[in-house]
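What follows is one structure encoded as structure tokens, with my remarks underneath.
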Amino acid sequence: MTWEINCFDDFCRALDDAGFTDGGGSADSAFSLASYFGPAIRWHTGDRDTDPWEWRLRVLREKDRIAYAKLFRGRSGYVTREWYPFFLAARRRNDTAEDAYREGRLSRAAMKIYSLVEERGEPSLIELKRLGGFRREDKSRFDRALTELQARMFVTICGMRRQATMLGGEYGWNITTFCI
């Protein structure tokens with residue numbers, strides 16, 4: 001099938017046809033729709049229709065049939081509802097997080113993060129670090145564990161939100177949130 005992707009809707013149609021794609025802009029990837037990007041596509045412009053960086057969260061807000069997480073060798077990617085069961089079967093092998101941890105196939109840090117996500121519902125990246133006791137020097141361990149959970153499809157990115165002040169107001173940049 002041949003596509004030319006010039007906007008968000010073109011991307012979603014192509015993704016529905018392909019079933020999955022990595023989320024990067026490299027046309028060299030074997031799993032990427034980036035080689036089909038037309039001349040209108042421009043990264044990091046903030047244009048919600050033609051900037052693929054904006055699509056990663058837009059797809060979570062607007063398309064309930066598409067998941068987005070770190071699924072391809074530690075890189076982000078998209079999977080449609082149709083393909084999700086195949087990825088799940090290949091990545092999890094009917095394991096629960098508890099089984100994988102008990103049998104040594106899930107790290108202690110990953111299990112700690114998983115438990116927090118399970119307990120909190122949709123915690124932000126910052127909340128996971130704080131509640132899990134991950135310090136600045138634990139950054140690489142935390143990042144590896146979160147990538148491990150996404151690759152095994154135990155958690156996924158479910159959106160973004162801004163931090164809240166003690167009075168309930170919002171501040172700062174949007175922060176990724178995760179769910180089971």
Do we have any residue at all in the range 62-70 that's farther than 16 Å from THR156 by Cβ and open to solvent by less than 20 Å² (accessible area, probe 1.4 Å)?
no
Scanning the range 137-180 for residues that are of a type in the set (Asp, Glu) and at pLDDT 85 or above, the one least open to solvent (accessible area, probe 1.4 Å) turns out to be ASP138
If MET153 satisfies all but one of (1) at negative phi; (2) touching a Phe, Trp or Tyr at 6+ places or on another chain (Cβ under 7 Å), what's the number of the condition it fails?
(1)
Tell me yes or no: at least one residue of the range 33-55 is open to solvent by less than 40 Å² (accessible area, probe 1.4 Å) and under 18 Å from ARG152 (Cα atoms).
no
(1) modelled with pLDDT of 95 or more; (2) open to solvent by less than 20 Å² (accessible area, probe 1.4 Å): which one isn't true of LYS129, the others all being true?
(2)
Options MET160, MET111, MET153; residue that is within 26 Å of ARG73 (Cβ to Cβ), of a type in the set (A, V, I, L, M, F, W, C) and part of a loop (DSSP other than H, G, I, E, B):
MET153
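The values are calculated or read from the model by the stated rules, or taken from the named source; none is laboratory data. What you are looking at is a predicted structure, and each value in this text was computed from that prediction instead of being measured. Because the Cβ atoms are built from the backbone with ideal geometry, glycine has one as well, and the counts that use them run over all protein chains shown. Just so you know, the surface numbers come from the protein's heavy atoms only, side chains and all, with ligands and any DNA or RNA stripped out. Shrake-Rupley method; radii C 1.70, N 1.55, O 1.52, S 1.80 Å.
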